[in-house]
1. What single numbered condition from (1) in contact with an Asp or Glu (Cβ under 7 Å, 6 or more places away or on another chain); (2) at pLDDT 85 or above; (3) on the phi > 0 side of the Ramachandran plot fails to hold for Leu30?
2. Quick check on this structure: which one of Gln133, Gln104 is under 20 Å from Val45 (Cα atoms) and part of a loop (DSSP other than H, G, I, E, B)?
3. Hey, Thr114 hits all of (1) part of a loop (DSSP other than H, G, I, E, B); (2) modelled with pLDDT of 95 or more but one; which does it fall short on?
4. Under the condition of being among the polar types (S, T, N, Q) and at pLDDT below 95, which residue from segment 39-78 is least open to solvent (accessible area, probe 1.4 Å)?
5. If you scan segment 91-113, which residues turn out to be β-branched (Val, Ile, Thr) and under 14 Å from Phe80 (Cα atoms)?
6. What are the pairs, 6+ residues apart or on separate chains, where a residue within segment 113-127 that is among the small types (Gly, Ala, Ser) has its Cβ under 8 Å from a residue that is open to solvent by 50 Å² or more (accessible area, probe 1.4 Å)?
Amino acid sequence: MKNNIFLVILILLVFTGIFLLSGCTPKADLIPVNPNGLAGFCDLVNSSVATYYGSELRVNIKNQGDSPAESSYVLVDWGFANTIEPVPAIPAGNTVSILIEIPQGCFNPDCGFTIIVDYNDDVNESNEMNNSQIGNCIG
C-alpha cells in the first residue's frame, strides 16, 4: 500500500513539473477591444457633431487570459502627443473602460491614434505581441 501511495505522489509530481516547465501556467493577456464594433476603435464620449473639444476616447481593455492581470498603464499615442493612464487590475475574462481626453488639435481633420495596453510591461502575459491597436476618428 505504501508503495502505491508513493507511486501516485511521484506521478503527480512528475506531471506537475511537466505542466509548469511547458509554459502552461495560466497567465493574463491584455488586449484593446472594440465591443461596440465602432469603426476605427473610435468610441467617443461627450462629443457632438459640431465640436470635438472636451471629447474623451473610451479605451476598452480585455484580459482574455486565464489569470488575473495586475494593475498597469495604457498609452494612447496621438501622433503629436501621448497620454498615459493607469489601468486597474482586471480579472480573467473581464473588460475595463478607461476614459482618455482627446488633446486639442487632434482633429485635423481626422484624429488618428494608437492604443498600447500594458505600456510599461507590468503584466506577465501569455502574448505580448497583441497589446496595440491603431484607431482613427473621422473629423
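The values are calculated or read from the model by the stated rules, or taken from the named source; none is laboratory data. Everything quoted here is computed from the prediction, not taken from an experiment. Note that we place each Cβ from the backbone using ideal geometry, even for glycine, and neighbour counts take in every protein chain shown. Remember, those area values only see protein heavy atoms, side chains included, never the ligands or the DNA or RNA. Shrake-Rupley method; radii C 1.70, N 1.55, O 1.52, S 1.80 Å.
1. (3)
2. After ruling out the rest, the residue left standing is Gln104.
3. Among (1) part of a loop (DSSP other than H, G, I, E, B); (2) modelled with pLDDT of 95 or more, the lone unmet condition for Thr114 is (1).
4. Ser55
5. Ile102
6. Within 8 Å, the pairs are Ser126/Lys27; Ser126/Asp66.
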